[in-house]
Amino acid sequence: MRLNPYSNLSNPAHFIPYNGYVGIPGAANINFSLYNTGFLYKNLIETDEHWNPVKLTPNKFVNSLHPTKNWLNTNLDLEILGFGFRVKKYFFSFGYRFKMEERFKYNQDLFGFILQGNFAQDDKGQYLYAPAKLAVEPNINIYQELSIGFQGQILDRLYIGARPKVLFGIANIKTDKLGIDVNTQRDDYTFFGNYDVNINVASVIPFYKKDANGNIMLDTEALYNIGNDIPGLVKNCFSKNVGFAIDLGAVYRINQQIRVSAAVTDLGFIRWQGKGAVLNITGNKDYTFSGFTSDQISNFIQNGVNIDLDTIFNIINNNFEFNEPKAYNTMLTSKIMLDAYFDITPSNRFILQFKGYIMGKNFLPQFTVAYNGSFLNVFDIVVSYSMMKKSFANLGLGLGIRIGPVHLYAGTDNILAAVNVFNASRANATVGLLIDFPIKKVKEPELRSMFKQKEDQEEAEPEAKEPKEPKVKEAKEPKEPKEPKEPKEKEPKQPKQPKEPKEKEPKQPKEPKEPKEPKQPKESKESKESKVKEPKQEKEPKVKEPKEPKVKEPKEPKVKEPKEPKEPKVKEPKEPKEKKEKN
């Protein structure tokens with residue numbers, strides 16, 4: 001969902017269109033999934049038109065199973081506390097989650113032996129299960145997760161994200177091998193065969209101890225008194241069985257409408273350790289079971305079946321070997337995801353997705369086609385179709401509603417499972433409630449494309465760059481007229497010489513002071529006027545000369561060019577003074 005901040009869980013690089021969000025504790029993100037490839041009701045029981053059972057069809061059920069790889073998987077992901085906030089272009093998130101992963105793999109012989117026995121034959125008369133080779137692998141991983149997420153832009157078209165995690169294991173069952181060969185005697189129906197077992201078990205609570213002889217015994221007292229030491233239990237939950245994991249992702253925008261992304265999540269491990277809390281069970285022995293005696297059967301009838309933990313552990317203790325390993329590691333179920341997004345409009349897009357689950361040495365692929373539409377910044381709708389192994393009818397639907405800051409969402413990858421529960425190979429449900437704080441100054445909450453604002457900026461940048469380039473070129477060209485500054489320095493050096501006669505000339509007119517000669521100065525006045533007029537005539541053409549370059553557009557804004565007419569103004573009045581003396 002485009003408006004859901006928890007879509008970032010599948011790829012930490014996905015853009016979150018909010019300034020921040022706060023999840024309602026315990027209800028912000030609840031995810032449960034079931035995957036079943038083998039045990040389908042329609043293959044085991046035949047029904048009529050009204051879904052009423054008619055008869056059992058064990059052969060049909062057994063033949064529908066895979067010879068070696070059949071899965072019954074469940075997953076629970078519950079966020080206890082979570083929030084996120086934006087710092088400029090970067091978004092940070094924090095989460096504390098409880099997770100449970102269960103993987104149960106079994107082969108065809110398991111149900112073939114139970115439903116048909118050792119003496120079942122095929123069309124050619126050959127025995128199908130003689131012996132029956134039962135192979136099962138139960139694996140359970142229960143742990144806590146503390147994570148800090150980061151999402152941001154590093155290039156114009158590239159977004160990245162990372163979410164490192166610290167894991168605290170609670171309980172684990174890791175099966176490396178659990179195989180049993182079963183044969184049946186025709187005379188007395190005695191079972192015999194061989195078993196080969198290698199299982200590791202761990203917990204935050206010590207569940208066994210050793211007696212005086214060094215034999216390992218179930219510590220029932222510690223198990224029954226779990227509730228009496230809550231502080232010690234909490235301490236063990238955060239101090240033992242520590243692990244690390246990380247989510248990595250990237251989103252790249254090819255153009256305005258197309259984006260691609262890649263991510264890997266839950267890439268990590270947990271190391272299980274602790275005295276009295278880690279146990280290795282092994283065994284490779286032959287066995288024989290002749291059935292129950294008459295006394296045992298009558299005891300069951302009178303008292304019922306009464307089996308407690310001590311009884312179960314004693315049975316295991318008498319048939320298997322217990323070891324105390326210092327520690328062992330388990331890998332998480334990692335996911336690989338590749339996506340392609342096609343934005344038809346800013347609020348409508350189609351998604352192609354490939355997702356792969358890595359479960360130990362097994363790989364489970366999934367293909368999905370989806371449509372995501374966002375309307376009025378309130379409604380968020382997803383419709384999807386997915387295909388997995390032996391599961392081709394998976395129609396998904398998701399809906400998110402934002403009422404002010406309150407955000408409620410729910411979704412499933414197979415809505416048909418709600419109608420036909422027992423025949424669904426896959427079932428999934430996600431619900432959540434949170435409070436978000438939208439971004440007001442960006443276009444994302446207005447249902448525009450994730451990269452639309454960046455695209456508009458890139459289109460506007462070339463237009464702005466064009467006027468800047470000629471400005472720089474014009475500034476470089478006017479640097480050439482700076483050369484006339486040199487004659488300015490040379491010209492003032494010449495007028496400095498006439499300044500000396502100026503001091504000598506006033507000394508000479510002081511001697512011919514006569515009263516009769518005042519008439520001459522009158523003439524001199526007229527001559528002065530004429531002499532003054534002459535320079536004016538000379539000044540006029542000199543003023544006209546700078547006007548001609550004014551026609552040249554680049555020279556008009558220049559301040560340096562008008563300085564040229566100022567130079568003749570100073571030089572010309574100095575020259576007429578010498579002419580006066582000659583007169």
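The values are calculated or read from the model by the stated rules, or taken from the named source; none is laboratory data. Note that the structure is predicted; figures quoted are calculated from it, not measured. A quick note on method: Cβ atoms are made from the backbone with ideal geometry, for glycine too, and the neighbour counts reach across all protein chains shown.
What to note about this one:
- The strands (runs of 3 or more DSSP E) found wholly in region 171-259 and carrying at least 1 residues that are modelled with pLDDT of 90 or more and aliphatic (A, V, I, L, M) occupy 191-203, 242-253.
- Region 387-429: number of residues that are of a type outside the set (A, V, I, L, M) and without any contact (Cβ under 8 Å) to a residue 12 or more places away in the chain: 3
- Just one of the listed residues (ASN372, ASN362) is touching a Lys or Arg at 6+ places or on another chain (Cβ under 9 Å), loosely packed, with under 14 Cβ neighbours inside 10 Å and modelled with pLDDT of 75 or more, namely ASN362.
- Test: residue in region 326-343 that is exposed (fewer than 12 other Cβ atoms within 10 Å of the Cβ), modelled with pLDDT under 85, at negative phi and over 19 Å from the mean Cα position of the chain (by Cα): yes
- Across region 1-12, the qualifying residues are those that are touching a residue at least 60 places away in the same chain (Cβ under 8 Å) and closer than 16 Å to GLY95 by Cα, and the one among them that is surrounded by the fewest Cβ atoms within 10 Å (Cβ to Cβ) is SER10.
- Exclusive hit being closer than 24 Å to ASN362 by Cβ and either crowded, with 17+ Cβ neighbours inside 10 Å or modelled with pLDDT of 95 or more (or both), set ALA162, ALA132: ALA132
- Pair list, Cβ < 9 Å and 6+ apart or interchain, from region 265-288 residues that are in contact (Cβ under 8 Å) with a residue 60 or more places away in the chain and not assigned by TED's automatic domain parsing to the domain that holds GLY161 to residues that are part of a strand (DSSP E or B) and not β-branched (Val, Ile, Thr): none
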